[in-house]
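Have a look at the structure below before the remarks.
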Amino acid sequence: MDTALANRLIELRARIVDHFDAGNWEELGLLAGATEVINRHSRLLRSLSWGDEDYSGNVLTVLRCIVEQDPRTLPIIEAYVDQHFPGESTYVSAKPAERRITFAPYVFKVPDAHVELDLVTVMMPFAMEFGAVYGAIKQASAQCSLRCLRADNIWEESTIVQDIFNLIYRAQVVVVDFTGKNPNVMYETGIAHTLGKLVIPISQALEDVPSDMRHHRVLKYLPNSEGLAKLSGDLATKLKQVSLGGQGLPPPRQDHEDDVPF
């Protein structure tokens, strides 16, 4: 389990210990499909009822069990806690630093959403010749049981820049294609870095990658069938390394297909 995920669970643990009662646990179990995990734990509800000192540790154990069983439940838990006990900060970074900042952008509206551990967002030019490239990225994501989206897959806001910001905000990983030195991709990469996202750069030519980014390992590819197959394999390897600290994600559970907040 990586540091970012651990921090989110620890933050949730503190808020749950401060506020939850048995009814909240029952509601959370229904929403997250975790009723059995909660009720099966021999000490959780008992230590809550009796105010025992081990309650805090039991909360963390149960949270970890739920999320490791299905990482897609983490945003559901966070959304429930935010709804019932608002006013606390949440992590949006893939790897939170020791020092955190609060930002209030003028151009974007900060979405009412959480980081989705199984979401890969793709930033690339909206051109027909990149369709096959996007297909290779989607294939790599699917091999790792991850979802893959780019801004033209959705239409939730009145402006595309807000949809793009929302996607970057929600993503655990952002894949950026620098091919052609597209200015929009450069702009979107800056947003991703500012939000602390894990950015994986790809390009058909290393010369298209900004000099400030060349110290990162870039996945170079050729836009033919052999090159795209290699890109898909290389990217899948990278995603497996970074997903939940290298452990990968289990196959998505169908009963939560529509439960992840957008």
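The residues in segment 9-65 that are among the aliphatic types (A, V, I, L, M), crowded, with 17+ Cβ neighbours inside 10 Å and outside any loop (DSSP other than H, G, I, E, B) can be counted, and the count is 14. Residue count for segment 105-136 satisfying the condition of being within 26 Å of T3 (Cβ to Cβ), outside any strand (DSSP E or B) and not acidic (D, E): 6. Answer with yes or no whether A151 is at pLDDT 95 or above, assigned by TED's automatic domain parsing to the domain that holds A236 and over 13 Å from the mean Cα position of the chain (by Cα). Judged against the criteria, A151 is not a match.
If only residues of segment 189-215 that are among the small types (G, A, S) and out of contact with any Phe, Trp or Tyr (no Cβ under 6 Å at 6 or more places or on another chain) are counted, the one that is surrounded by the most Cβ atoms within 10 Å (Cβ to Cβ) is A192.
Do we find that V120 is under 17 Å from the mean Cα position of the chain (by Cα), modelled with pLDDT of 80 or more and assigned by TED's automatic domain parsing to the domain that holds K238 in this structure?
yes
A count restricted to segment 154-184 and to residues that are crowded, with 19+ Cβ neighbours inside 10 Å and more than 18 Å from the chain's Cα centre (by Cα) stands at 4. Reported count of residues in segment 63-80, each being in contact with a Ser or Thr (Cβ under 9 Å, 6 or more places away or on another chain) and β-branched (V, I, T), is 2. Flag: A127 matches the condition of being among the hydrophobic types (A, V, I, L, M, F, W, C) and without any contact (Cβ under 8 Å) to a residue 12 or more places away in the chain. Of all the listed residues (A94, A104), the sole one being modelled with pLDDT under 90, under 30 Å from V173 (Cα atoms), outside the structural domain of E11 (by TED's automatic domain parsing) and in contact with a strand residue (DSSP E or B) (Cβ under 6 Å, 6 or more places away or on another chain) is A94.
The values are calculated or read from the model by the stated rules, or taken from the named source; none is laboratory data. Note that the coordinates shown come from a computational prediction; the quantities given were computed from them, not determined experimentally. FYI the Cβ positions are ideal-geometry reconstructions off the backbone, even for glycines, and counts take in every protein chain you see.
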